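S.K.: Quick one: structure below, then a few questions.
Please treat every number below as a calculation from the coordinates, not as lab data. None of these values were measured; they are calculated from a predicted model.
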Amino acid sequence: MLEVGAYDAKTHWPQLLEHTQKGKHFVMTKHGRPVAELIPVARNDGNAVRRTIGNIRSFRETLRKRGVARITQDRRRTL
């Protein structure tokens, strides 16, 4: 992460946004002390989410076949 003073951040805001869009992280400082971070927005990868859900379902099915009981909301309260 690169440190950028508040004045420089204000002066070079468009360039900072360009670099951030390309994946760079910045720490904004005021009088040398960190006060904020400028980081790229995390994008939701729909395919990764679908794969993860599929993996969870597959794992649940494997457990079911092995005879592992599903813990329900009511059963959790008693554990």
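S.K.: I'd like the Karplus ³J(HN,Hα) series for the range 40-48: coefficients 6.51, -1.76, 1.60, θ = phi - 60°, whole numbers in Hz, and an x wherever there's a Gly or Pro.
M.R.: With coefficients 6.51, -1.76 and 1.60, one gets x, 6, 6, 8, 6, 9, x, 5, 5 Hz.
S.K.: Suppose only helical runs count, i.e. DSSP H with n ≥ 4. What mean residue ellipticity at 222 nm does that imply for the chain under -39500 (n - 2.57) per run, divided by all residues and rounded to the nearest 500 deg cm²/dmol?
M.R.: -15500 deg cm²/dmol
S.K.: If the cut-off is 12 Å between C-alpha atoms, which aspartates and glutamates fall inside it for K30, apart from same-chain ones fewer than 8 positions away?
M.R.: Filter leaves E3, D8.
S.K.: So, one more: So what is the relative contact order of the chain, in percent, for Cα pairs below 8 Å that sit 6 or more residues apart?
M.R.: In percent, rounded to a whole number, it is 21.
S.K.: Quick one: Karplus J couplings for the range 24-35, per residue in order, coefficients 6.51, -1.76, 1.60, θ = phi - 60°, nearest Hz, x for Gly and Pro?
M.R.: Karplus-based 3J(HN,Hα) across the range 24-35 equals 7, 10, 10, 10, 8, 10, 10, 6, x, 9, x, 10 Hz.
S.K.: Oh, and also: Tell me the Kirkwood hydrodynamic radius of the chain in angstroms, computed as one over the mean inverse distance between distinct C-alpha pairs.
M.R.: When all Cα pairs of the chain are included, the Kirkwood radius is 16.8 Å.
S.K.: Can you compute 3J(HN,Hα) from phi for each residue in the range 12-21, using the Karplus curve 6.51 cos²θ - 1.76 cosθ + 1.60 with θ = phi - 60°, rounded to whole Hz and x for Gly and Pro?
M.R.: Computed from phi, the couplings for the range 12-21 are 10, 3, x, 5, 4, 5, 4, 5, 5, 4 Hz.
S.K.: Near the amide H of T29, under 5 Å away, which other amide H atoms are found, from residues 5 or more places off or on another chain, if H is placed in the peptide plane?
M.R.: Answer set, sorted by chain and number: V4, G5, A6, V35.
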